[in-house]
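The values are calculated or read from the model by the stated rules, or taken from the named source; none is laboratory data. Predicted model only: the values in this text are computed from it and were never measured. Heads up, the Cβs are rebuilt from the backbone with ideal geometry, glycines too, and the neighbour counts pull from every protein chain shown.
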Amino acid sequence: MPSILMGLKKYSFIVLFLAMASCQTKHKVQRFQGNALGTTYNVVYFDTTPNDIITDSIDAVFLRMNQSMSTYWPNAIISKVNRNESVTTDADFKKVFLTAKTIWKQTEGYFDPTVGALVNAYGFGPAKSLEQIDQAVIDSLLNFTGLDKVSLLPDGTIKKVHKNTYLDFNAIAKGYAVDALASMLQSLGYDQYLVEVGGELFASGLNPEKEKPWRVAIDHPKQDIGRTFIATLPLQNQGMASSGNYRKFRTDVSGKRYVHTVNPKTGKTVQSNVLSTSVLAPSTMLADAYATALMAMPYEQGETLIESLTDTEAMWVLAENDSVQVVTTPDFTYDLE
């Protein structure tokens with residue numbers, strides 16, 4: 001009897017050792033990176049060898065996104081919707097549209113994908129910008145702006161009150177693409193990974209190399225040369241997205257500067273002391289949309305919004321004369337650089 005117990009213990013030890021050895025062997029960094037959706041992407045996961053299936057799967061995800069929601073693809077569903085052609089939306093379009101509708105209501109219209117006509121007018125979209133933008137032009141474009149003017153019908157088609165209403169999911173689709181890549185990795189059996197598309201991220205599990213949450217960084221909004229960070233933070237089973245007015249802007253013939261965040265309520269580009277916002281949320285799609293909304297909303301209203309949401313935290317970088325001030329919701333954990 002004692003020898004049987006001893007044998008069992010020895011066998012258990014061997015199994016445990018093999019499991020540990022196998023685990024350690026799998027903990028080898030694998031990375032795919034490239035260009036997609038007009039930006040760059042990185043997919044980091046852990047396996048014994050690179051999984052070639054992932055390459056094709058990544059390409060398939062980005063192809064889906066472009067075919068559904070790219071305003072730069074003439075045959076994309078969203079392009080056909082914008083041209084008022086008869087088209088049935090797909091599952092990706094429906095999910096993004098319904099989520100956008102929810103956030104549009106939550107933000108009282110500050111997040112609005114129908115701001116696309118105004119974005120184009122200012123020169124931040126695929127269409128040619130207007131040389132001059134006066135109040136009359138803004139008022140005319142506001143007539144077509146508002147997600148309440150667009151409906152998803154039960155048959156999967158889109159109904160618009162005004163044919164000139166222009167949909168643009170740029171402020172939410174990139175985050176959705178991150179989530180789609182994360183879902184793809186999960187379906188292949190991976191649960192420890194980091195996905196990044198154009199600075200929007202989703203981290204799953206721990207970083208096996210350190211057995212700690214993934215560590216990510218937030219760009220400093222004031223940087224003249226090179227790239228510097230204002231903060232780093234742990235990220236685990238969360239999405240993160242940032243938005244800012246410090247890089248994208250244009251100047252018209254009169255010398256007036258326009259930043260790329262447009263207030264859907266006024267039709268004007270936003271002028272405020274909010275330089276950037278970063279949001280942590282259960283999905284990157286949500287983080288992406290909320291980060292955009294916070295750039296358009298007054299700071300106090302944005303703070304109230306985030307505090308009303310579950311499992312959602314935010315950071316604001318505010319301009320204070322020649323310096324910056326970092327403000328966060330209570331559970332946004334970070335380290336200043």
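The table for this structure:
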read-out: Qualifying residue in the range 313-332 (condition: within 16 Å of L201 (Cα to Cα), touching a Phe, Trp or Tyr at 6+ places or on another chain (Cβ under 6 Å) and surrounded by 12 or more Cβ atoms within 10 Å (Cβ to Cβ)); value: yes
read-out: Some residue of the range 184-195 being at pLDDT below 90, among the polar types (S, T, N, Q) and out of contact with any Leu (no Cβ under 7 Å at 6 or more places or on another chain); value: no
read-out: Filtered residues of the range 40-59 (kept if exposed (fewer than 13 other Cβ atoms within 10 Å of the Cβ) and touching a residue at least 60 places away in the same chain (Cβ under 8 Å)); value: I53
read-out: Members of the range 73-94 found to be loosely packed, with under 13 Cβ neighbours inside 10 Å and either in contact with a Leu (Cβ under 9 Å, 6 or more places away or on another chain) or part of a helix (DSSP H, G or I) (or both), listed by number; value: A91
read-out: Any chance A203 is in contact (Cβ under 8 Å) with a residue 40 or more places away in the chain and either part of a helix (DSSP H, G or I) or of a type outside the set (S, T, Y) (or both); value: no
read-out: Number of positions in the range 76-110 that are hydroxyl-bearing (S, T, Y) and closer than 19 Å to V161 by Cβ; value: 2
read-out: Qualifying residue in the range 99-117 (condition: aromatic (F, W, Y), farther than 30 Å from M184 by Cβ and under 21 Å from the mean Cα position of the chain (by Cα)); value: yes
read-out: Those residues of the range 162-187 which are in a loop (DSSP other than H, G, I, E, B), of a type outside the set (S, T, N, Q) and surrounded by 13 or more Cβ atoms within 10 Å (Cβ to Cβ), in sequence order; value: H162, Y166, L167, D168, F169
read-out: Test: residue in the range 206-219 that is modelled with pLDDT under 95, part of a loop (DSSP other than H, G, I, E, B) and over 21 Å from V29 (Cβ atoms); value: no
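Let's see how each residue does on (1) under 30 Å from T304 (Cβ atoms); (2) of a type in the set (D, E, K, R); (3) at pLDDT 95 or above; (4) part of a loop (DSSP other than H, G, I, E, B):
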{"site": "F111", "(1), (2), (3), (4)": "yes, no, yes, yes"}
{"site": "N120", "(1), (2), (3), (4)": "no, no, no, no"}
{"site": "I138", "(1), (2), (3), (4)": "yes, no, no, no"}
{"site": "L141", "(1), (2), (3), (4)": "yes, no, no, no"}
